[in-house]
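Peer 1: Pasting in a structure now, in structure tokens, and then I'll have a few things to ask.
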Amino acid sequence: MPTKPEPQAWQDPLIDVRDLSVHFELRGGILARLFGSDTGTVKAVDGVTLTVGRGEVVGLVGESGSGKSTLGRALLGLVPATDGSILFHGDDVAEMSRRRLRAIRRDIQMVFQDPNAALNPAMTVEEATGDALRVHGMKSAAERRARVVEALEKVGLSPVELFLSKYPRDLSGGQKQRVVLARAIILDPEVLVADEPISMLDMSVRAKILQLMLDLKQELGLTYVYITHDLASAKYFCDRIAIMYLGRVVEIGPTDEIFANPRHPYTRALLKAIPEPDPERALPRDLLRGEIPDAASPPLGCSFHPRCPEAFEKCGWESRDLRAVIEEHWTRQPADVYGAESDTVGDLAHLDTPATVARIGGKGAESAREILHRMRSERPDEPFWRGVDRVDDDGPGIRVVFHPGEDPALRSSDGVEVACLLYPESS
Amino acid sequence: MMRGLLGGLAKPFTQTAGLARWMLVAGLVLTAAFVVMAVFAPWVAPYGFAQSAADGARFPKAGPPGADHWFGTDRLFFDVLSRTIWGARTALEVVVLSILFCVAIGVPLGLISGYHGGWLDRILVLVMDAVFAFPSFLLAIVFSFLLTNLLGGSVIAVALSLTAIYIPQYFRVVRNTTVSAKEATYVEAARAMGASDGVIMRRYLFGNVVQSVPVLGTLNAADAILTLAGLGFLGLGIQSTDAAEWGHDLNRALADAGSGIWWTGLFPGLAIVLLVTGLTLVGEGLNETLNPTLRRRRLLPVVMPARAETTITGEEQQ
Ligand SMILES: Nc1ncnc2c1ncn2[C@@H]1O[C@H](COP(=O)(O)OP(=O)(O)OP(=O)(O)O)[C@@H](O)[C@H]1O
Ligand SMILES: [Mg+2]
């Protein structure tokens with residue numbers, strides 16, 4: 001019974017994220033540190049624009065490493081924004097002083113993935129829940145206790161007296177997550193950022209916790225940012241869903257529309273990956289090929305293109321894709337063919353530097369061309385070949401020139417917004 | 001509440017077995033005996049530590065053990081038994097004070113250093129490592145030399161010089177546990193709740209990082225007794241008329257040994273050995289129970305069911 005988006009949600013934005021970026025500096029080994037040079041940055045969140053309306057449930061969905069948690073933590077100012085702004089009540093969270101940030105956390109609270117780790121092992125349930133009040137200046141222990149009892153009752157931990165003096169180690173996972181929820185709502189916040197609140201729990205209590213969160217939303221008028229990698233729970237829970245990939249929002253729209261009519265190939269792949277409970281209707285699932293690329297050096301063009309079944313010329317093909325295709329080809333060859341071909345093609349390590357022109361071979365242009373030809377005839381539907389503009393001779397080897405790529409921006413397309421070159425601006 | 005406290009206190013006993021438990025019990029008994037002597041010294045000791053006469057009668061000079069003076073008397077007419085008992089009080093005072101100073105300075109420094117990191121952390125770690133790398137007894141000599149000039153040969157001066165050599169250990173343990181504990185989700189949860197750095201350190205990290213301090217305290221206590229005695233033996237630190245101190249008495253007993261006066265050296269020496277042994281046993285016993293990396297779990301031996309005799313083994317036997 002997901003609550004449907006109310007039309008006024010758009011008119012009453014509570015959180016307004018504009019072009020937010022959160023980058024982490026990667027520190028290299030001892031030498032790099034000694035010379036103060038850093039070996040790169042991870043763009044955990046890279047230019048995200050997102051509005052959360054009052055009373056709405058917005059889902060952030062994506063695979064591991066897509067920057068969901070970082071975005072969620074940035075909303076509370078737990079990680080500093082590199083760029084962009086987060087407007088909450090018209091104030092920019094990204095610019096706030098530490099003191100202001102601590103005050104704002106009265107209104108935006110967070111629920112964590114692992115309830116076992118989110119509670120201080122040295123504090124009882126009463127202390128842990130009441131500490132939020134104490135931090136915000138409620139001195140009287142009796143007053144705090146009254147509020148704690150009230151909050152614990154709201155999250156369904158009753159009889160409350162039984163739980164007050166318990167330590168986290170005496171509670172089950174579901175009970176711990178209820179305590180975490182009690183701690184989050186005790187300050188009467190407006191927004192709750194829930195970072196995979198059910199993924200560490202037993203199957204049997206997951207639905208109960210989600211239902212509890214929906215009840216709390218009704219009762220307290222909360223707004224949720226719900227982070228998950230599980231589209232099925234997002235469907236149950238969210239009014240709108242933002243699909244994230246490598247720090248970007250690639251598609252965002254109402255839940256029904258996303259499920260009924262997914263636009264982005266990544267969204268479609270995620271939807272296909274949802275287990276089908278009814279074996280009669282289960283389709284053969286082709287899971288996403290390949291791994292999530294390294295966030296420290298994302299692919300050129302659209303960062304999803306190396307895994308995209310529908311990628312075409314403009315998606316940003318480059319040297320690393322060539323390496324991946326060659327190596328994938330070799331996994332299918334017998335040992336002697338592999339030996340001969342790898343000899344002809346030469347070392348591939350230089351292809352790891354992203355470029356739209358890739359040089360390979362060293363034993364004559366013709367033999368290298370021949371290998372490419374063989375690979376292409378073996379897998380003609382491989383999207384990679386659509387990206388190859390031409391192949392030139394280059395001394396003892398060849399030069400593969402790719403079509404220039406384009407980085408798709410988030411554009412609106414019939415009620416949803418999608419960042420994919422397959423959907424040009426519909427105006 | 002009460003039951004939890006008792007359970008916590010009993011933990012070292014319930015969780016140990018065999019040798020470890022005996023070590024702990026023996027250590028506790030020995031240490032407790034000395035603590036009782038120290039606390040009740042005015043009642044337990046027959047005379048004062050710097051008393052050379054009783055009821056108008058002067059004590060014999062270097063008199064052998066006998067009915068009046070069980071452990072004999074020394075060249076300064078002092079009663080050896082009384083000095084040995086009062087010595088326990090001095091030792092206890094110095095050790096307790098130095099541990100208190102260590103905890104009061106080392107724990108907050110380690111907490112702040114580990115939590116904030118950055119240049120402050122680097123400088124503190126460097127300084128503490130340098131102090132730690134220095135031969136500790138040499139350091140104690142230098143410090144007690146400087147501090148006795150400043151504060152006089154008092155218990156506080158000696159306690160402070162012991163503090164200087166043990167602080168790096170407390171600092172290190174607390175700093176390292178803080179560095180790992182601050183990454184815990186519950187710390188981020190506290191931050192997400194709006195807690196300030198001070199609150200996080202006091203209410204969330206402190207309780208979780210001081211757990212190894214009691215073990216460190218007992219282990220260092222044994223070492224501190226030896227260092228204290230060493231300083232006294234070198235004539236640094238506390239003077240005989242200010243307080244009874246075993247090391248200092250041993251120093252004076254050195255001259256007696258040649259002339260067959262054994263009792264002035266034996267009893268203070270024995271006291272040092274027994275107390276150090278007791279404290280070491282307690283420290284090791286606690287370490288065994290509280291430090292999970294050292295604790296050997298009580299494992300039940302795995303009993304394999306007897307296997308039916310097979311033809312292969314039969315052939316092998318031939
Ligand atoms: N403190 C940090 N320092 C350096 N890199 C970080 C830090 N936090 C996150 N990252 C990197 O940022 C990227 C996004 O991380 P994030 O935790 O936001 O992903 P996520 O979508 O929440 O993934 P998951 O589903 O695994 O929780 C990852 O590549 C991660 O390695
Ligand atoms: Mg995460």
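What follows draws every value from the coordinates through simple rules; no lab data is involved. Keep in mind the model is a prediction, meaning the values are calculated, not measured. As a convention, Cβ positions derive from the backbone with ideal geometry for all residues, glycine included, and neighbour counts pool all protein chains shown.
Peer 1: Which cross-chain or sequence-distant (5 or more) residues have an amide H under 5 Å from the amide H of residue A:17, H modelled 1.01 Å from N in plane?
Peer 2: Under 5 Å from the amide H of residue A:17 lie the amide H atoms of A:50, A:51, A:52, A:87, each far enough along the sequence or on another chain.
Peer 1: Just the C-alpha atoms of chain A: what Rg/Rh do they give, with Rh taken as the Kirkwood radius? Numbers along the way, then the final one.
Peer 2: On the way: Rg = 25.5 Å, Rh = 24.2 Å.
The Rg/Rh ratio comes out at 1.05.
Peer 1: Excluding residues on the same chain fewer than 8 positions from residue A:217, give the lysines whose Cα lies under 18 Å from its Cα.
Peer 2: Partners within reach: A:4, A:154, A:208, A:235.
Peer 1: Toward the positive end of the charge dipole of the protein assembly as shown, about the Cα centre and with charges on Cβ (Lys, Arg +1; Asp, Glu -1), which of A:20, B:24, B:215 goes farthest?
Peer 2: Farthest towards the positive end: B:24.
Peer 1: How big is the dipole moment of the stretch B:78-297 about its Cα centre under a simple scheme where the beta carbon of each Lys and Arg is +1, that of each Asp and Glu is -1, and everything else is neutral? Debye, nearest 20, please. Each step should come with its number before you reach the end.
Peer 2: On the way: 13 positive and 14 negative charges, 131 e Å.
I would put it at about 620 debye.
Peer 1: Modelling each spin label as a point 7 Å along the Cα-to-Cβ direction, I'd like the residue A:257/residue A:99 distance in nm, to one decimal.
Peer 2: So the two model labels end up 4.4 nm from each other.
Peer 1: Sticking with this one: The stretch A:317-402: D in µm²/s via Stokes-Einstein (Kirkwood Rh, Cα pairs, 25 °C, 0.890 mPa s)? Numbers along the way, then the final one.
Peer 2: Details: Rh = 12.8 Å.
Using the Kirkwood radius from Cα pairs, D works out to 192 µm²/s.
Peer 1: How would the stretch A:91-238 be classified by its alpha-carbon gyration tensor: rounded, prolate or oblate, with rounded meaning a/c under 1.5 and the a/b versus b/c comparison settling the rest? Walk me through the intermediate numbers first.
Peer 2: Details: a/c = 1.64, a/b = 1.06, b/c = 1.55.
Oblate is the answer for the stretch A:91-238, as a/c is 1.5 or above yet b/c matches or exceeds a/b.
Peer 1: Also, quick follow-up: How long are the semi-axes of the equivalent ellipsoid of the stretch A:190-277, defined as square roots of 5 times the Cα gyration tensor eigenvalues? Whole Å, largest first.
Peer 2: Details: eigenvalues 101, 50, 29 Å².
Working from the Cα gyration tensor, I get semi-axes of 22, 16, 12 Å.
Peer 1: Another question, then. Give the lysines whose C-alpha is closer than 29 Å to that of residue B:61, dropping any in the same chain fewer than 8 places away, or say none.
Peer 2: List returned: none.
Peer 1: Another question about this same structure. Which ³J(HN,Hα) values, rounded to whole Hz and listed in residue order, are derived for the stretch B:92-106 from phi using the Karplus coefficients 6.51, -1.76 and 1.60 in 6.51 cos²θ - 1.76 cosθ + 1.60 with θ = phi - 60°, glycine and proline given as x?
Peer 2: 4, 4, 4, 5, 4, 4, 5, 5, 4, 4, 4, 5, 5, 9, x
Peer 1: In straight Cα distance, which aspartates and glutamates are under 14 Å from residue A:43, not counting same-chain residues fewer than 8 positions off?
Peer 2: Once the sequence-local aspartates and glutamates are set aside, what remains near residue A:43 is A:19, A:25, A:83, A:294.
Peer 1: Along the charge dipole of the stretch A:205-275, which of A:275, A:234, A:249 sits closest to the positive end, that is, farthest toward it, with unit charges on the beta carbon of Lys, Arg, Asp and Glu (+1, +1, -1, -1)?
Peer 2: Most positive-ward Cα: A:275.
Peer 1: Any idea what the dipole of the protein assembly as shown comes to, in debye rounded to 20, about its Cα centre with Lys/Arg Cβ at +1 and Asp/Glu Cβ at -1?
Peer 2: On the way: 73 positive and 86 negative charges, 530 e Å.
The calculated dipole for the protein assembly as shown is roughly 2540 debye.
Peer 1: Go ahead and estimate [θ] at 222 nm for chain A from helices alone: -39,500 (n - 2.57) per DSSP H run with n ≥ 4, summed, over the residue count, rounded to 500. Don't jump to the answer; show the numbers that get you there.
Peer 2: Values: 17 runs with 151 residues, N = 427.
The helix-only estimate for chain A comes to -10000 deg cm²/dmol at 222 nm.
Peer 1: Using the Cα centre of chain A as the reference point, and only Cβ charges (+1 on K/R, -1 on D/E), how large is the resulting charge dipole? Debye, rounded to the nearest 20.
Peer 2: On the way: 52 positive and 66 negative charges, 281 e Å.
Using Cβ point charges on Lys, Arg, Asp and Glu, chain A gives about 1360 debye.
Peer 1: Based on alpha-carbon positions alone, could you give the equivalent ellipsoid semi-axes of the protein assembly as shown from the gyration tensor, as √(5λ), descending, whole Å? Intermediate values should be presented prior to the final figure.
Peer 2: On the way: eigenvalues 938, 243, 147 Å².
After diagonalising the Cα gyration tensor, the semi-axes are 68, 35, 27 Å.
Peer 1: Okay, moving on. Averaged across orientations, what area in nm² does the convex hull of the alpha carbons in the stretch A:117-188 project? Don't jump to the answer; show the numbers that get you there.
Peer 2: Working: hull surface 17.0 nm².
Here the figure is 4.2 nm², rounded to one decimal.
Peer 1: Taking chain A as a Gaussian network, Cα atoms linked when under 10 Å apart, which of A:301, A:55, A:395 shows the biggest mean-square fluctuation?
Peer 2: Taking springs between Cα atoms under 10 Å, the residue moving most is A:395.
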